[in-house]
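Each remark here refers to the structure printed beneath this line.
The values are calculated or read from the model by the stated rules, or taken from the named source; none is laboratory data. Keep in mind that this is a model prediction, so the values were computed, not measured. Here the Cβ is made from the backbone with ideal geometry for all residues, glycine too, and neighbour counts use every protein chain on show.
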Amino acid sequence: MPQFPSVFVFCLTLLLPLLTGCSGAGEKVGTKGPNVVLISVDSLRRDHLSTYGYRNRLAPDVPTTPAIDRLAKGGLRFDDAVSSTSWTLPSHMALMTGLPDTLHGVVNNEKRLDPALSTLAQLLRARGYQTGGFFTGPNLHPIFGFSQGFDTYESCSEVDMPVESFQGTTNPRRFDMHEASHKGLTSPALLERSLAWLNEAAAKDDPFFLFVHWWDPHYDYDPPEQYAEMFDPGYDGDSDATEFYKSHQMKTPRDMQHVLSMYDAEIRYTDDHIGMLLARIEKLGLAQDTLIVFTADHGEEFFDHGKKGHQRNFYDESVRLPLVMRLPGVLPSGKSVQRMARIQDIGPTILDLCDVAAPDYFEGVSLRSSWEPRDPDVKSVAPVQILSLELPGKGINKVGLRRKDLKVVWDFEEQTGELFVLYDDPGEMNPLVFTDFDDPAHPAVRFFKQSIQELEARRALLPRTVGHVGVDDLPADLIEDLAGFGYLDNDHGEQE
Ligand SMILES: [Zn+2]
């Protein structure tokens, strides 16, 4: 594990010299394909970005995401991007594998990726890319298969993440590790490590793929004081945003607004750090040759439908994502796309823009038709996303369908379903409730079942090398990787 000084000793001021001390790498020449920087911000609700028109009620003049606003001005903004679920592990796996959750199979903390499935990093590395990944949340740990294809894959969290904390279905160390990871601020350490890797990669001839996973907007909400003051100046109530997830309902709407403002403050804090990463790319002279992809893994509930947090529901506040891509001279600038995009389409789109073939079994598709004129003779079919939450330990087992005009959800535990016509009811407040999943009378529910069956049929296309794929049963090559990245001591590696 890399060791970092306390994140609290970092501040934006300390990072500024990093921005000015990077002139040695110079202009990159001879790049065979565009560089790729993939940015994922955890728990980032699409409708809290100023990029999508959001304004905080208490601070309407303070944008939450000025860096992403600038990125979108020079790139392509997708207005209806959708995740594969409402939590971190499976959605990031969909991002990395071009497969929705039911196909990549990493649907809970006990599963890991079948190494026969290719990752984005692996496919790019095979084409000569340098690959570096930097993460901050336990659910991005290499034990799940995320390190597959990365030359460097590092945790930038202060929280120790030994392999043993992930194993065993009722392991209390796992809970403690997750709890600890929610505290503190990780953006400075994440930025520092990412910039150091970027500087080295930029000095070499081969193109690079950099993945950066940001964690601070994930609860709890504990922004630096100056950011808290930006979004809720002078608040003297008794709402503690750091305890929001554990506590029950807020006492007053004003206290609830304080929580939302602290969430926004952490978004802005993260955006400022992303802005420094983007500034470094400019300073290195790489902006014209670098594809920037900005997205999230899922959103967050703030009692929109009676609950808070994530990993519970498929309402749009949980599954809709921000998505912005910029590649000057290739992607249109300052335009927006209304057609629905899915998280598993992001990898195939990156590969397409890098002229790297995606495997035939990928379910995700390149989004190129979103910015290039379509053949009028080819019938256009509205994209469909199958959503999944399969958490037996939490008593949650749901499947859903999201199309631009439609949402259908079936809860296997409650044996009940909800259907929303999104054009008429974008807030999902007026469900048509149904209780028979097997013999549905409504055409939309029939379409739902048919879509699930079609997806299941694709399973036969997937390459497979192992039967049981769990974190309690690690193959030798993954143990080697884990040891190489510092997640195992030598004894553990030798025992296996
Ligand atoms: Zn997440």
On the basis of being surrounded by 23 or more Cβ atoms within 10 Å (Cβ to Cβ) and under 20 Å from the mean Cα position of the chain (by Cα), does Val365 make the cut?
no
Per the list (1) crowded, with 16+ Cβ neighbours inside 10 Å; (2) in a loop (DSSP other than H, G, I, E, B); (3) modelled with pLDDT of 90 or more; (4) of a type outside the set (Lys, Arg), residue check on Met262 breaks on (2)
Item to complete: Would you confirm whether any residue within segment 351-366 is of a type in the set (Ser, Thr, Tyr) and assigned to a loop (DSSP other than H, G, I, E, B)?
Response: yes
Counted residues in segment 36-90 being within 16 Å of the ligand (Cβ to nearest atom) and hydroxyl-bearing (Ser, Thr, Tyr) come to 7
Condition set small (Gly, Ala, Ser), modelled with pLDDT of 95 or more and over 23 Å from Pro90 (Cα atoms), scope segment 281-310, selection nearest to the ligand (Cβ to nearest atom): answer is Ala287
Is at least one residue of segment 355-365 modelled with pLDDT of 95 or more and touching a strand residue (DSSP E or B) at 6+ places or on another chain (Cβ under 7 Å)?
yes
For Asp425, the lone unmet condition from (1) under 22 Å from the mean Cα position of the chain (by Cα); (2) farther than 30 Å from Phe208 by Cα is (1)
Practice item. With the condition kept exactly as written, say whether any residue in segment 271-280 is small (Gly, Ala, Ser) and either under 26 Å from Tyr235 (Cβ atoms) or within 16 Å of the ligand (Cβ to nearest atom) (or both). Key: yes
Filtering segment 143-159 down to residues that are closer than 20 Å to His218 by Cα and more than 14 Å from the ligand (Cβ to nearest atom) yields Glu154, Ser155, Cys156, Glu158, Val159
Quick count over segment 417-451, residues being under 17 Å from Leu387 (Cα atoms) and loosely packed, with under 15 Cβ neighbours inside 10 Å, is 2
Restricting attention to segment 345-358, does a residue exist that is touching a residue at least 40 places away in the same chain (Cβ under 8 Å), of a type in the set (Asp, Glu), closer than 21 Å to Thr88 by Cα and surrounded by fewer than 24 Cβ atoms within 10 Å (Cβ to Cβ)? no
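Return yes when Glu418 is part of a strand (DSSP E or B) and either over 24 Å from Ala382 (Cα atoms) or free of Cβ contacts under 8 Å to residues at least 24 places away in the same chain (or both) and no when it is not.
Considered against the rule, which asks whether it is part of a strand (DSSP E or B) and either over 24 Å from Ala382 (Cα atoms) or free of Cβ contacts under 8 Å to residues at least 24 places away in the same chain (or both), Glu418 comes out as yes.
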Going through (1) within 16 Å of the ligand (Cβ to nearest atom); (2) over 15 Å from Ala94 (Cα atoms); (3) among the polar types (S, T, N, Q) one by one, Ser333 fails only at (1)
The residue that is nearest to Ser333 (Cα to Cα), considering only those in segment 95-123 that are in contact with a Lys or Arg (Cβ under 8 Å, 6 or more places away or on another chain) and within 16 Å of the ligand (Cβ to nearest atom), is Val106
Inside segment 274-303, the number of residues satisfying the requirement of being more than 19 Å from Ala202 (Cβ to Cβ) and under 17 Å from the mean Cα position of the chain (by Cα) is 8
The helices (runs of 4 or more DSSP H) lying wholly within segment 161-245 that contain at least 2 residues that are at pLDDT 90 or above and touching a helix residue (DSSP H, G or I) at 6+ places or on another chain (Cβ under 6 Å) are 187-202, 225-231
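Return the residues of segment 87-136 that are basic (Lys, Arg) and assigned to a loop (DSSP other than H, G, I, E, B); say none if nothing qualifies.
To start, the set of residues in segment 87-136 that are basic (Lys, Arg) comprises 111-112, 125, 127.
Arg112, Arg127, listed by residue number.
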Flagged in segment 90-109 as touching a Phe, Trp or Tyr at 6+ places or on another chain (Cβ under 9 Å) and farther than 17 Å from Asp297 by Cβ, in numbering order, are Leu103
(1) loosely packed, with under 12 Cβ neighbours inside 10 Å; (2) at pLDDT below 95; (3) in a helix (DSSP H, G or I) all hold for Glu454 apart from (2)
Restricting segment 85-106 to residues that are in contact with a His (Cβ under 7 Å, 6 or more places away or on another chain) and of a type in the set (Gly, Ala, Ser), the one farthest from Phe146 (Cα to Cα) turns out to be Ser86
Going through segment 52-66 in order, the residues found to be surrounded by fewer than 24 Cβ atoms within 10 Å (Cβ to Cβ) and under 18 Å from the mean Cα position of the chain (by Cα) are Tyr52
Does His310 satisfy being in contact with a His (Cβ under 7 Å, 6 or more places away or on another chain) and closer than 25 Å to Phe209 by Cβ?
no
When segment 368-393 is checked residue by residue, the ones that are loosely packed, with under 12 Cβ neighbours inside 10 Å and part of a helix (DSSP H, G or I) are Gly393
Flagged in segment 282-314 as assigned to a helix (DSSP H, G or I) and crowded, with 21+ Cβ neighbours inside 10 Å, in numbering order, are none
Of the residues in segment 315-330 that are outside any strand (DSSP E or B) and β-branched (Val, Ile, Thr), the one that is farthest from the ligand (Cβ to nearest atom) is Val330
Every listed condition ((1) in contact (Cβ under 8 Å) with a residue 12 or more places away in the chain; (2) assigned to a helix (DSSP H, G or I)) holds for Glu428 save (2)
